[in-house]
Protein chains: 2
Amino acid sequence: MLNAVLATIDQRKDQTLALLEDFLRIPSISTSPDHAADCRRCAHWVADQLKFAMLDVNVMETGGHPVVVAKNRHVAGRPTVLVYGHYDVQPPEPLELWTSGPFDPVVRKNSAGTDAVFARGAVDDKGQVMCHIEAITSWQANGGVPLNLIVLIEGEEEIGSVHLGQFVHDHKRALQADVCVISDTNQFARGYPAITTGTRGLIYQEIIVNGPNRDLHSGLFGGAAPNPANVLVELLASLHDASGRVNVPGFYDDVVPITPAEREAWKRLPFSEDAFRADLGVSATIGESGYTVLEQIWARPTCDINGITAGYQGPGAKTVIGAQASAKVSFRLVANQDPNKIREAFRQAMLDRAPPGVTIKFLDHGAAPAYLVPDNHPGLAGARRAIEAGFGKPATLIRSGGSIPIVSTFKAELGIECLFVGFGLPDDCIHSPNEKFDLDCLHAGTRTAAALYAELAK
Amino acid sequence: MLNAVLATIDQRKDQTLALLEDFLRIPSISTSPDHAADCRRCAHWVADQLKFAMLDVNVMETGGHPVVVAKNRHVAGRPTVLVYGHYDVQPPEPLELWTSGPFDPVVRKNSAGTDAVFARGAVDDKGQVMCHIEAITSWQANGGVPLNLIVLIEGEEEIGSVHLGQFVHDHKRALQADVCVISDTNQFARGYPAITTGTRGLIYQEIIVNGPNRDLHSGLFGGAAPNPANVLVELLASLHDASGRVNVPGFYDDVVPITPAEREAWKRLPFSEDAFRADLGVSATIGESGYTVLEQIWARPTCDINGITAGYQGPGAKTVIGAQASAKVSFRLVANQDPNKIREAFRQAMLDRAPPGVTIKFLDHGAAPAYLVPDNHPGLAGARRAIEAGFGKPATLIRSGGSIPIVSTFKAELGIECLFVGFGLPDDCIHSPNEKFDLDCLHAGTRTAAALYAELAK
């Protein structure tokens, strides 16, 4: 039966792309209040596709953007698989760096000379959600998905899945499954489809430094008045030591070190640090010393400043001491760091290090622990075979430096592990201008999803 | 004759205010290319007022915003006085902090309970230019200004007088005078009108850090990819040491120290550091240790970050490593620091301290050396008497932490010294939202300007 399903998928290629383009035209930017209606519209768009595939679909409220929950007709005795994805996307800014509009999907050649669809969300995660929608549709046209399916597509992944934890808790019984499948990760490289066996966690904070009660003339007050921008850069600079380690007390206390076996396995992967630098256009990488690039990204915790706002930002000069300065700062975490503990350590360090004359406030923008797939996960063998069926290449085992906030909730609330089978490529520019998804990956990903259902049905 | 002039000024109070409000409605923001036409319109507005006063007026091109040059009928044997001011203003941002529109002047009570006109440029420098225009007008209505007057009102003071140096050089003969009078400074406090005997210099730089060739996902790349925002905060934080001193090699080499006599004189001034902190709403001042607030602001060089732009600045979270981060940084200089030498030392320090993996660029936004009025300046005694005539209070000798870029050019090109007789108050919020000029100061300043012409005619 899988062969018939794969044949359907091969025949539906143009339709799959057209549907994805429709999906990509909806600017479902979850972080922006201005786009709340677009997020809701996008949820209904997803729901409609799953209804066309004859699933039983509900668009459910969460207190934030709605989630889409869909089920096929469940049959006792079959395994139950929860397919998780998200329809929300990152903001598209800076707009001027996009070759075509972020919400006007266009197919053109990628840098490898093959076709890709360019738009915000092309691969993260609308394109990969599309792979599952199309795999489901094709199975339904060929006798039905051979296992009990629960599809859960949320609208807040890019803002830390703020309401999904409560939703999963509240709908624990309805979401009960044997395993979760997530396609929101990458292949290792073009020609190296992969299973991701670990993701990093995240704690995202905003720090706001206030000084004088008004903006001041930097001549008439400079040298005595506390300058929040001066203070902010000192606080932020204190977050790293000279060796590139994060300088927050207790930060590394709970970190699970990389094993010698992992180091060996990762060294054997076809990864070139020269090519990595060339791709980024930088002469050197920086980071924690004593670790390779893959180790730094996959298995070491980090701190990055994601945004700073201070003083005058227009053209030319303004001789001002701004009353306020702020920064968005995120830490990527690894097993077994506790996001709440890291948040408190960060905040305490900033408060301890702040000079007198300023006040410090914080805002929360999401938290998630890291996640490691158990080595003995029963789905791994089937996922390897599905990738081979979908891509015609063997699967590589990799990790991801990114975060999928909800996976630890699935483990805690539903008692299930996640399988990360993702179809993106490292050059897909996710969260950046000119995000894209290779059409080959869209097609092979759809085939892989279909094959994975067959494998997990066994 | 001065008494008749002062009587005219007293009678013209309402008209003076109405004219100033007209002047304030023109958004002559010199740093913004969008306001170039407004700057030109403002120059012509100033020219028109001086024409009404029967001066011979020219609006002259500079390559940037035009300058207004006006002369009365010069009489051989009389002293020639150059009156300098500027019609351009700082940008009004942040707009949301203004109680009334920055270019919709409104008269209301200030925090002292007396009337003030609120608008961008109210005191810096349109209100003080208005004092001179009205003093001239009133003299002209009473037999004419009793000395040879050259009025020079420029439109680029707030952007470092970028074209005025060349203009002065090119028009050296036409601008030849015995002394320059500038009203672009403050009184010491309400009830303490002042002569400013020194201004600080300025070097204003923009530093731009570039890293990866595109914005990156901070999960998939964080820990290895150079983050320009991380680098920028480290570079900026390195500009101060733990004692609050500026940490640029050679920065203090040429600094003229404060003399024991100056320290003594300044300690006797009615200045309360508690009141200074209360006015700013801060619990402590920060700055170079070992110096009082007045010493820090008047006679010690400083470094302030005036603006930072990096990464995502919208609401909520974006997990991004921005490709670029930049900051506007200015140094206030004291005698005898050389702005060009400080610029090069700053740039070299940033380049030396930058890690590999990023590139650094700089933009220039103005430079000016500090200026000290000679103790034996022959105009000082007359200025003291003029202030007493205008304000009914004795003059205090103070310095200003601000900068007036052109004064060193007047000295070099025209061989003349400057007298700073300013009418603002420290709580005027210059360069800040809700800038204002007390109506009492507008009136007493106009009287002082008129009296000063009589004094300098002697």
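The values are calculated or read from the model by the stated rules, or taken from the named source; none is laboratory data. Since the structure is predicted, the reported quantities are computational estimates derived from the model, not experimental observations. Cβ coordinates were reconstructed from backbone atoms using ideal geometry, including for glycine residues, and neighbour counts include every protein chain displayed.
At-a-glance table
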read-out: Breaking point among (1) without any contact (Cβ under 8 Å) to a residue 24 or more places away in the chain; (2) touching a strand residue (DSSP E or B) at 6+ places or on another chain (Cβ under 9 Å); (3) assigned by TED's automatic domain parsing to the domain that holds B:A335, for B:L280; value: (3)
read-out: Qualifying positions in the range A:307-325 - assigned to a strand (DSSP E or B) and buried (at least 22 other Cβ atoms within 10 Å of the Cβ); value: A:G307, A:I308, A:T309, A:A310, A:G311, A:V320, A:I321, A:A325
read-out: Selection count where residues are touching a Gly at 6+ places or on another chain (Cβ under 9 Å), surrounded by 24 or more Cβ atoms within 10 Å (Cβ to Cβ) and polar (S, T, N, Q), scope the range B:131-167; value: 1
read-out: Residue list for the range B:27-44, filter: surrounded by fewer than 18 Cβ atoms within 10 Å (Cβ to Cβ), closer than 26 Å to A:Y312 by Cβ and either touching a strand residue (DSSP E or B) at 6+ places or on another chain (Cβ under 9 Å) or aromatic (F, W, Y) (or both); value: B:R40
read-out: Enumeration of residues in the range A:332-362 that are facing chain B (nearest Cβ under 9 Å) and over 30 Å from B:Y204 (Cα atoms); value: A:R332
read-out: Index of the failed condition, A:I297 passing every other in (1) in a strand (DSSP E or B); (2) of a type in the set (A, V, I, L, M); (3) under 15 Å from B:L220 (Cα atoms); value: (1)
read-out: B:A242 being modelled with pLDDT under 95, of a type outside the set (D, E, K, R) and in the same structural domain as B:K341 (by TED's automatic domain parsing); value: yes
read-out: Enumeration of residues in the range A:227-244 that are farther than 18 Å from B:A224 by Cα, touching a helix residue (DSSP H, G or I) at 6+ places or on another chain (Cβ under 6 Å) and either without any contact (Cβ under 8 Å) to a residue 24 or more places away in the chain or in a loop (DSSP other than H, G, I, E, B) (or both); value: A:V233, A:S238
read-out: Hey, B:Y192 surrounded by fewer than 20 Cβ atoms within 10 Å (Cβ to Cβ), out of contact with any Phe, Trp or Tyr (no Cβ under 6 Å at 6 or more places or on another chain), in contact (Cβ under 8 Å) with a residue 24 or more places away in the chain and not aliphatic (A, V, I, L, M) or not; value: yes
read-out: Selection within the range A:28-75 - closer than 20 Å to A:V181 by Cα, free of Cβ contacts under 8 Å to residues at least 24 places away in the same chain and not in a strand (DSSP E or B); value: A:A47
read-out: Scan of the range A:245-285 for residues that are in a helix (DSSP H, G or I), among the acidic types (D, E) and over 26 Å from B:A354 (Cα atoms), ordered by number; value: A:E262, A:E264
read-out: Number of the exception - B:F167 against (1) over 21 Å from B:P356 (Cα atoms); (2) within 7 Å of chain A (Cβ to nearest Cβ); value: (2)
read-out: Residue list for the range A:262-307, filter: among the β-branched types (V, I, T) and within 17 Å of A:P426 (Cβ to Cβ); value: A:V282, A:T285, A:T292, A:V293, A:I297
read-out: Selection count, the range A:326-361, where residues are closer than 28 Å to B:S330 by Cα and out of contact with any Ser or Thr (no Cβ under 7 Å at 6 or more places or on another chain); value: 12
read-out: Test: residue in the range A:206-214 that is at negative phi, surrounded by 20 or more Cβ atoms within 10 Å (Cβ to Cβ), in a strand (DSSP E or B) and modelled with pLDDT under 95; value: no
read-out: The range B:257-285: number of residues that are out of contact with any helix residue (DSSP H, G or I) (no Cβ under 8 Å at 6 or more places or on another chain) and among the aliphatic types (A, V, I, L, M); value: 5
read-out: Any hit, the range A:272-287, residues being farther than 19 Å from B:L216 by Cα, within 14 Å of chain B (Cβ to nearest Cβ), surrounded by fewer than 18 Cβ atoms within 10 Å (Cβ to Cβ) and not charged (D, E, K, R); value: no
read-out: Pair list, Cβ < 9 Å and 6+ apart or interchain, from the range A:155-167 residues that are among the hydrophobic types (A, V, I, L, M, F, W, C) to residues that are modelled with pLDDT under 90 and surrounded by fewer than 24 Cβ atoms within 10 Å (Cβ to Cβ); value: A:I159/A:G366; A:I159/B:G316; A:V162/A:G366
read-out: Single unsatisfied condition, A:L202 versus (1) of a type outside the set (V, I, T); (2) surrounded by fewer than 24 Cβ atoms within 10 Å (Cβ to Cβ); (3) out of contact with any helix residue (DSSP H, G or I) (no Cβ under 6 Å at 6 or more places or on another chain); value: (2)
read-out: Residue that is farthest from the other protein chains (Cβ to nearest Cβ), among those in the range B:368-405 that are of a type in the set (D, E, K, R) and over 24 Å from B:I258 (Cβ atoms); value: B:R385
read-out: Residue list for the range B:133-162, restricted to those being within 14 Å of another protein chain (Cβ to nearest Cβ) and assigned to a loop (DSSP other than H, G, I, E, B); value: B:G155, B:E156, B:G160, B:S161, B:V162
read-out: Residue identified as in contact with a Lys or Arg (Cβ under 6 Å, 6 or more places away or on another chain) and either in the same structural domain as A:H443 (by TED's automatic domain parsing) or over 16 Å from A:K13 (Cβ atoms) (or both) among A:A135, A:A116; value: A:A116
read-out: Test result for B:V329, in contact with a Pro (Cβ under 7 Å, 6 or more places away or on another chain), of a type in the set (V, I, T) and crowded, with 23+ Cβ neighbours inside 10 Å; value: no
read-out: In the range B:1-26, the residues that are buried (at least 21 other Cβ atoms within 10 Å of the Cβ) and part of a loop (DSSP other than H, G, I, E, B); value: B:I26
read-out: Candidates A:G366, A:G382, A:G390, filtered to the one that is modelled with pLDDT under 95 and not aliphatic (A, V, I, L, M); value: A:G366
read-out: Scope the range A:203-217; condition at the interface with chain B (Cβ under 7 Å from one of its Cβ atoms), over 19 Å from A:N306 (Cα atoms) and either among the aliphatic types (A, V, I, L, M) or touching a strand residue (DSSP E or B) at 6+ places or on another chain (Cβ under 6 Å) (or both); matching residues; value: A:D215, A:L216
read-out: Complete set of residues in the range B:288-300 that are crowded, with 24+ Cβ neighbours inside 10 Å, facing chain A (nearest Cβ under 8 Å) and either within 18 Å of A:A323 (Cβ to Cβ) or in contact (Cβ under 8 Å) with a residue 12 or more places away in the chain (or both); value: B:I297, B:R300
